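*Asks:* Encoded as structure tokens, here's the structure I'll be asking about.
Just so it is clear, none of the values below were taken in a lab; they were calculated from the coordinates. Here the structure is a predicted model, which means the values were calculated and not measured. Please note: Cβ atoms are built from the backbone with ideal geometry, for glycine as well, and neighbour counts cover all protein chains shown.
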Amino acid sequence: MSKLKIKITRQRKIILEELKRVASHPGADKIYEMVRLKLPKISLGTVYRNLEILAKYNIIKKLEFGSNQKRFDGNPENHFHIRCLNCGIIDDLFLEKLNNLKNILPKEDKGYKIIGYNLEITGLCSKCKLK
Ligand SMILES: [Zn+2]
Ligand SMILES: [Zn+2]
């Protein structure tokens, strides 16, 4: 959404590369572990700050599921996520029918200007399903 310019520093570039390499939607601490292998001097706070900035500029997506830790997604395109209620794994779901949700939502309701939605799809992953 934001068309503002963001400076892609070396740190941000590496954080982005590492995040795009995995499909696991990792939290900041996992990303920190991955990034630290390439930038040994970086701190968790710096990684976290850069993740927040990249998310703000829509270069990555920040996922917030209830009380769980924030997770990050290297794919900023619109897609849905399913969270396993048992092990907490998060996977991508591409549900074309639900893409219409944006069009169905009114622009305003109850005096609110509606900006977006946060849809959580839950289930059991293929491993947990069998337990
Ligand atoms: Zn599971
Ligand atoms: Zn995703």
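*Asks:* When the dipole is taken about the Cα centre of the chain, and only Lys, Arg (+1) and Asp, Glu (-1) are charged at their Cβ, what size is it in debye, to the nearest 20?
*Replies:* Values: 27 positive and 14 negative charges, 105 e Å.
It comes to approximately 500 debye.
*Asks:* Over all pairs of distinct alpha carbons, what does the Kirkwood formula give as the hydrodynamic radius of the range 80-130, in Å? All intermediate terms of the calculation are to be shown ahead of the outcome.
*Replies:* Numbers: mean 1/r = 0.0776 Å⁻¹.
Value: 12.9 Å, from the Cα pair sum.
*Asks:* Let me ask something else. Over 16 Å, how big is the tail of the calculated P(r) for the chain, in percent of all Cα pairs? Kindly include the intermediate steps, with their values, before the conclusion.
*Replies:* Values: 5763 of 8515 pairs.
Above the 16 Å cut-off, the chain has 68 percent of its Cα pairs.
*Asks:* Over 24 Å between C-alpha atoms is what I'm after, so list which of Lys5/Lys107; Lys70/Lys97; Lys56/Lys102 land there.
*Replies:* Values: Lys5/Lys107 28 Å; Lys70/Lys97 26 Å; Lys56/Lys102 20 Å.
Check vs 24 Å cut-off fails for Lys5/Lys107; Lys70/Lys97.
*Asks:* Once you charge only the Cβ atoms, +1 for Lys and Arg and -1 for Asp and Glu, what is the size of the charge dipole of the range 10-73 about its Cα centre, to the nearest 20 debye?
*Replies:* On the way: 15 positive and 7 negative charges, 51 e Å.
Around 240 debye, computed over the range 10-73.
*Asks:* Now, a different point. Asn78 to Ile104: extension gain in nm, 0.36 nm per residue of separation minus the Cα-Cα distance?
*Replies:* 7.8 nm
*Asks:* Select from Ala23, Gln11, Asn58 the residue farthest towards the positive end of the dipole of the range 10-73; place +1 on Cβ of Lys and Arg, -1 on Cβ of Asp and Glu, and compute about the Cα centre.
*Replies:* After comparing all options, I get Gln11.
*Asks:* Please name whichever of Asn75, Gly116, Phe94 sits farthest to the positive end of the charge dipole of the chain, dipole taken about the Cα centre and charges placed at Cβ: Lys and Arg +1, Asp and Glu -1.
*Replies:* Asn75
*Asks:* Additional query: Looking at the range 60-131 only, what percent of DSSP beta bridges run antiparallel? Nearest 5 please.
*Replies:* Values: 9 of 12 bridges.
So the antiparallel bridges in the range 60-131 amount to around 75 percent.
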